[in-house]
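Participant: Below you will find the structure I want to go over with you.
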Amino acid sequence: MKGYIAKRTGQMLLVVFLLSIFIFLLVSMIPGDPVYAMLGEEVSQEEYDRVFHELKLDQPVIVRYFSWLADALRGDLGESTQFHMKTSEVLASRIPITLFFSIAAFIISVPFGILFGVISAVNRGKPLDTVVTLIANVTACLPQFWFALLIMFVFAMKLGWLPSYGFDWPWVNSMGWKQMIMPLFCLSLGGIASTTRQTRSSMLEVIRQDYIRTARSKGIANNKVIYLHALKNALIPVITILGMRLGNLIAGSMFVESVFNIPGMGSLMVKAIQSRDIPVVQACVLAIALVSCLVNLATDILYAVVDPRVRFE
Amino acid sequence: MKDTKNIKKFFKTVFARKVTIINAIIVLLFIFLALFAPFVAPYDPDKPDFAAFLQMPSTAHFLGTDNFGRDVLSRIIYGTRVSLIIGVLAVVVACAIGTVLGMIAGYFGGWIDDLITRLMEAVRAVPQIILAMALTAVFGSGIKNLAIILGISSMAGYVRMMRGQVLTIKQADYIMAGKLQGNKDFRLMFRHILPNSISPIIVMMTQQVGSTILAEAGLSFLGLGISAPTASWGSMVSEGRNYLMDNPVFALIPGVCVAILVISLNMLGDGVRDALDPRLRGEA
C-alpha cells in the first residue's frame, strides 16, 4: 500500500510539474507583444519597460520559468494588472468561497445521487426507474447558467422568496443562509444527476453477478442483498467518478458565481480574462489544477483501499 | 458489397428504437435550421429596431424582441449555426489530434507513451471549461479559435481511448503478419489499426458534440466565447438576463434550445453506441 501511495504521489507531482510549465507558458503563448496585450497599446514607455522587466522578458525562457516557479512555490504569482495587488492577496478571500460552494454541493449531491441511483436500479424497467432516469438524463444536459437564471427568475424575481444575488458569510450577515440556497441547489443538481446515472449503471452491473444470485438463493432478504452485498461493490467505480465530480463542481461554480454575483474564484477568473490580467488567470488555473490533482490522488488512494486489486496492477 | 450491407444493418439497429428516431429528427431539424437560416428566419437577426425593443411575444415577433429591438426568434435560428459549427468542428479537432497522439503512444510505447500519457494526465487535471477559459484569455475567441480551443481541451479522452484500442489490436496476428511483410509503422497504424478502432471513435464523437455545444454556450454566456453582434445561444442568455422582467423569453428560450439540442444529441449518441456494441443491445 505504501509503495502504491508513493508511486501515485510521484506521478501527481510530475503532472503538477507539467502543468506548471503549461501555466507559465500561457504568457509566452499570447500572440504579439505580451506587454501590449496585458496593458493595451497606449502604455507609456516607462510603464512598458517596467512590466517588460517585471515579466523578465529580457531573459531566456528557461531562466524565466525557474524564477517564476521559485516565486510560485513561495506563494508569489506576480502582481495583478487590474487590481495592482499581489495575486495571492486577490485570491486569498476568493478561494474559500468557491471551495465552500463546491464542497457543500459535493456533500449534498453524493448521498442523494447514490440513493436515487439505487432506487432506479432496484426498480429497473418500472415507471419509477423511467422517471428517475429521465430526470437525471435531462438534468445532466441542462446548461447550468441557464438553470441558475431560471430559478433566480422564479424564486427571487417572481415569488420574492429568496434574495436574487450576493454572498455573505452567515456569521457576517444573517441573510447569508438565504443567499446560499439557490446557488447550492443549482450546483448540487448536476452532481446528483451524474452520481445517479453512475450508481444506477454500476448497480445494474453488480446485481446480475453470480454472488448476488447466490445470496438471493440462500434466502437473504432483498434489502439486505441490495444494501449490504450489492451496493458495497457497486460503489467502487462510483468513487472514481466522485473525484472528477469535485473538479466539475469547481468548474460549475464559475457559472453559478457569475449568475448570483458571488465574489468567488469563478467571477474573478472571468474578470481577469476579460481584462487580460494574465497573472491572475495563471494563479486561478494553478489553484484549481492543484485542488483537482489532490482530489484525484485522494480518490486513487481511496480506490486502492476499497479495491485491493488496484494496488497490484 | 459487404460494407453497404453492414451500414444498412447498422442503421436498422440504430433506428430500431423509437426514442432514437425522435432524437434524430430533432437533431436534423436543428441542422435544417442552421443550413437554411436565411430562408427560415422571419427577420434579419442583426438589424436593430429601436421602435420595438424588449417587446413581449406577439404575432409580429413570435418570441418578442431583445434590447436592441432585434427579433429573438431570428437570432435563435441563426444561433443554431454557431452552436452546431463549433460543436462539430471542435469534436473533429479533438478527434484528429487525440486519435493520432493516442495511436502513437500505444503503438510505440516506451518513453513516447510515458510522455504523452503524462501530458494528457496534466491536461485532464484541469476541468475542461477552465482550460478553455485560460486558452481564450490567450488566444481570444471567435468561431475558429473556440473550435480549436474546445477541441484541444477535450482531446485527452480520445488519446486515452485510442491508446487502449491500439494496445489490444497490436497483439493481433494480422498486425504481426503485416510487420513481417515489411510494412512501415505509419502504414500499419493508419491502414490497419485505425480502421479497426473506428467504432469507438465514432461513438465518442457523437457523444461529445453535445458536451462541446454546452461548453461553447457556457463560454459565450460568461462573455468569453462568441460576442455581439453575432447571435449565439449562450450570449443571448447573457444579454437577456438583465431584462428578465421585460421579456423573460429573450433569456430563457435560447437556454431551452441548448438543452433540447444537447439532450437529443446525447440520446442519439447513446443509440449509436448501443448499436455498435452488441453487448448493450436491448438494454436501457
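The values are calculated or read from the model by the stated rules, or taken from the named source; none is laboratory data. What you see is a predicted model; the values in this text were computed from it and never measured. Cβ coordinates were reconstructed from backbone atoms using ideal geometry, including for glycine residues, and neighbour counts include every protein chain displayed. Keep in mind that these areas ignore ligands, DNA and RNA; they rest on the heavy atoms of the full protein, side chains included. Shrake-Rupley method; radii C 1.70, N 1.55, O 1.52, S 1.80 Å.
Participant: Top mean-square fluctuation among B:ILE25, B:ILE253, B:ILE193, Gaussian network model of chain B, C-alpha springs under 10 Å?
Facilitator: B:ILE25
Participant: Next question, about the same structure. Could you work out which residue, out of A:GLU54, A:GLU257, A:GLU46, moves most in a Gaussian network model of chain A, that is, has the largest mean-square fluctuation with Cα springs under 10 Å?
Facilitator: Maximum fluctuation in the GNM of chain A, among the listed residues, is at A:GLU46.
Participant: How shielded is A:134-140 by partner chains, expressed as the average number of their Cβ atoms within 10 Å of its Cβ atoms?
Facilitator: Working: counts 0, 0, 0, 4, 5, 1, 6.
Mean partner-chain Cβ count within 10 Å for A:134-140: 2.
Participant: Continuing with the same structure: Dipole magnitude of segment B:129-284 about its Cα centre, charges +1 at Lys/Arg Cβ and -1 at Asp/Glu Cβ only, in debye to the nearest 20? Provide the component values of the computation, followed by the final result.
Facilitator: Working: 12 positive and 9 negative charges, 157 e Å.
Using only the charged Cβ atoms, the result is roughly 760 debye.
Participant: Need one word for the protein assembly as shown: rounded, prolate or oblate. Basis is the Cα gyration tensor (sqrt eigenvalues a ≥ b ≥ c); a/c below 1.5 gives rounded, then a/b vs b/c decides.
Facilitator: Details: a/c = 1.31, a/b = 1.13, b/c = 1.16.
The shape class here is rounded.
Participant: Set Lys and Arg Cβ to +1 and Asp and Glu Cβ to -1, take the dipole of the protein assembly as shown about its Cα centre, and tell me which of B:THR20, A:LEU26, B:ASN6 lies farthest positive.
Facilitator: Value: B:ASN6.
Participant: Please sort B:239-248, B:85-94 by packing, taking for each peptide the average over its residues of neighbouring beta carbons within 10 angstrom, highest first.
Facilitator: On the way: B:239-248: 18.5, B:85-94: 21.7.
Put in order of decreasing packing, that is B:85-94, B:239-248.
Participant: Placing +1 at every Lys and Arg Cβ and -1 at every Asp and Glu Cβ, with all other atoms neutral, what dipole size does segment A:43-156 have around its Cα centre, in debye to the nearest 20?
Facilitator: For segment A:43-156, the charge dipole is close to 740 debye.
Participant: In whole percent, what relative contact order does chain A give with Cα contacts below 8 Å and a gap of six or more residues?
Facilitator: On the way: 337 pairs, mean separation 84.4, N = 313.
Normalised by residue count, the contact order of chain A is 27 percent.
Participant: Please state the equivalent ellipsoid semi-axes for chain B: what are the square roots of 5 times the Cα gyration tensor eigenvalues, largest first, in whole Å?
Facilitator: Details: eigenvalues 344, 105, 39 Å².
Working through the eigenvalues yields semi-axes of 41, 23, 14 Å.
Participant: Ranking request for peptides A:62-71, A:216-225: highest mean number of other beta-carbon atoms within 10 Å first, then the rest in descending order.
Facilitator: Numbers: A:62-71: 13.2, A:216-225: 11.2.
Going by the mean number of other Cβ atoms within 10 Å, highest first, we get A:62-71, A:216-225.
Participant: What are the residues whose amide H is under 5 Å from the amide H of A:VAL43, where those residues sit 5 or more places off or on another chain and H is modelled from the backbone?
Facilitator: The list, which skips near neighbours in sequence, is empty: none.
Participant: How large is ³J(HN,Hα), in whole Hz, for each residue of segment A:204-221 in order, when computed from phi with the Karplus curve 6.51 cos²θ - 1.76 cosθ + 1.60 and θ = phi - 60°, using x for Gly and Pro?
Facilitator: Going residue by residue, I get 4, 4, 6, 4, 8, 6, 4, 5, 6, 4, 4, 4, 5, 5, 6, x, 5, 4 Hz, with x marking Gly and Pro.
Participant: Taking springs between alpha-carbon atoms closer than 10 angstrom, which of B:THR168, B:THR206, B:THR65 fluctuates most in the Gaussian network model of chain B?
Facilitator: B:THR168
Participant: Per the helix-only calculation at 222 nm, which mean residue ellipticity applies to chain B, given -39500 (n - 2.57) for every DSSP H run of n ≥ 4 and division by its residues, nearest 500 deg cm²/dmol? Can you show the working numbers first?
Facilitator: Details: 12 runs with 194 residues, N = 284.
One gets -22500 deg cm²/dmol as the mean residue ellipticity at 222 nm.
Participant: Say R0 is 56 Å: what FRET efficiency, to the nearest 0.05, do B:ILE7 and A:GLU46 get from their beta-carbon distance?
Facilitator: Working: r = 68 Å, r/R0 = 1.21.
Efficiency for this residue pair is about 0.25.
Participant: To the nearest 20 Debye, how big is the dipole of segment A:212-313 about its Cα centre, given +1 on the beta carbon of each Lys and Arg and -1 on that of each Asp and Glu? Mind showing how you got there, number by number?
Facilitator: Working: 10 positive and 5 negative charges, 135 e Å.
I would put it at about 660 debye.
Participant: In terms of the Cα gyration tensor, with a ≥ b ≥ c the square roots of its eigenvalues, is segment B:181-284 rounded because a/c is under 1.5, prolate because a/b exceeds b/c, or oblate? Don't skip to the end; give the middle numbers.
Facilitator: Numbers: a/c = 6.26, a/b = 2.08, b/c = 3.00.
It comes out oblate by the Cα gyration axes.
Participant: Quick check: the angle from helix A:231-260's long axis to the longest principal axis of chain A, C-alpha only, nearest 10 degrees?
Facilitator: 40 degrees
Participant: Three principal axis extents, largest first, for the C-alpha atoms of chain A, in Å?
Facilitator: Here the Cα extents, ordered largest to smallest, are 84, 57, 36 Å.
Participant: List the aspartates and glutamates whose Cα sits under 17 Å from the Cα of A:LYS178, skipping any in the same chain fewer than 8 residues away.
Facilitator: A:ASP168, A:GLU257
Participant: Across segment A:117-159, what fraction of all alpha-carbon pairs, as a whole percent, falls in each successive 10 Å bin from zero upward?
Facilitator: With 10 Å bins starting at 0, P(r) equals 27, 31, 28, 14.
Participant: Would you mind giving the mean number of other chain beta-carbons within 10 Å of the Cβ of each residue in A:145-153, as a whole number? All intermediate terms of the calculation are to be shown ahead of the outcome.
Facilitator: Numbers: counts 11, 16, 2, 3, 10, 7, 0, 2, 6.
Per residue, the average neighbour count from other chains is 6.
Participant: How long are the semi-axes of the ellipsoid equivalent to segment A:23-136, from square roots of 5 times the Cα gyration tensor eigenvalues, in whole Å, largest first? Could you put the intermediate results ahead of the total?
Facilitator: Details: eigenvalues 497, 54, 42 Å².
In descending order, the three semi-axes are 50, 16, 14 Å.
Participant: Put +1 on the Cβ of each Lys and Arg and -1 on the Cβ of each Asp and Glu in the protein assembly as shown; which of B:LEU244, B:ASN67, A:PHE17 then has its Cα farthest toward the positive end of the dipole?
Facilitator: Value: A:PHE17.
Participant: Using θ = phi - 60° and the Karplus form 6.51 cos²θ - 1.76 cosθ + 1.60, what ³J(HN,Hα) does each residue of segment B:35-48 get, whole Hz, x for Gly and Pro?
Facilitator: After applying 6.51 cos²θ - 1.76 cosθ + 1.60, I find 5, 10, 3, x, 8, 8, 5, x, 10, 6, x, 9, 8, x Hz.
Participant: While we're on this one: Which distance in nm do the two modelled labels at B:ASN145 and A:LEU128 give, with both placed 7 Å along the Cα-to-Cβ direction?
Facilitator: So the label points at B:ASN145 and A:LEU128 sit 5.2 nm apart.
Participant: Considering only Cα-Cα distances, which of the following residue pairs are longer than 28 Å: B:LYS18/B:LYS170; A:LYS126/A:LYS224; A:LYS2/A:LYS232? Intermediate results must be reported in sequence, preceding the final value.
Facilitator: Numbers: B:LYS18/B:LYS170 38 Å; A:LYS126/A:LYS224 21 Å; A:LYS2/A:LYS232 24 Å.
Check vs 28 Å cut-off fails for B:LYS18/B:LYS170.
Participant: Contour minus end-to-end for A:GLN59 and A:ASN173, with contour as 0.36 nm per residue of separation and end-to-end as the Cα-Cα distance?
Facilitator: Details: separation 114, 0.36 × 114 = 41.04 nm, distance 4.94 nm.
Between A:GLN59 and A:ASN173, full extension yields an extra 36.1 nm.
Participant: Also, quick follow-up: Computed FRET efficiency, Cβ-Cβ of A:ILE119 and B:ARG17, R0 41 Å: what is it to the nearest 0.05?
Facilitator: Numbers: r = 24 Å, r/R0 = 0.59.
E(calc), rounded to 0.05, equals 0.95.
Participant: Rounded to the nearest 100 Å², what's the accessible area chains B and A bury against each other, both chains counted, probe 1.4 Å?
Facilitator: Working: alone 15240 and 17200 Å², together 28580 Å².
Result for this pair: about 3900 Å² buried.
Participant: Can you work out ³J(HN,Hα) from phi for every residue in segment A:138-145, in order, using Karplus 6.51 cos²θ - 1.76 cosθ + 1.60 and θ = phi - 60°, giving whole Hz and x for Gly and Pro?
Facilitator: Here the 3J(HN,Hα) series is 5, 4, 5, 9, 6, x, 4, 5 Hz.
Participant: Of the options A:ALA298, A:SER102, A:ASN222, report the single residue whose Cα projects farthest towards the positive end of the charge dipole of chain A (beta-carbon charges: Lys, Arg +1; Asp, Glu -1).
Facilitator: Sorting the options by dipole projection puts first A:ASN222.
Participant: Sticking with this structure for a sec: How crowded by other chains is B:136-144, given as the mean number of beta carbons from other chains within 10 Å of each beta carbon?
Facilitator: Across the residues of B:136-144, the mean count of other-chain Cβ atoms within 10 Å is 5.
Participant: Using a cut-off of 14 Å between alpha-carbon atoms, which aspartates and glutamates can reach A:LYS86, once sequence neighbours fewer than 8 places away in the same chain are excluded?
Facilitator: A:GLU54, A:ASP71, A:ASP76, A:ASP277
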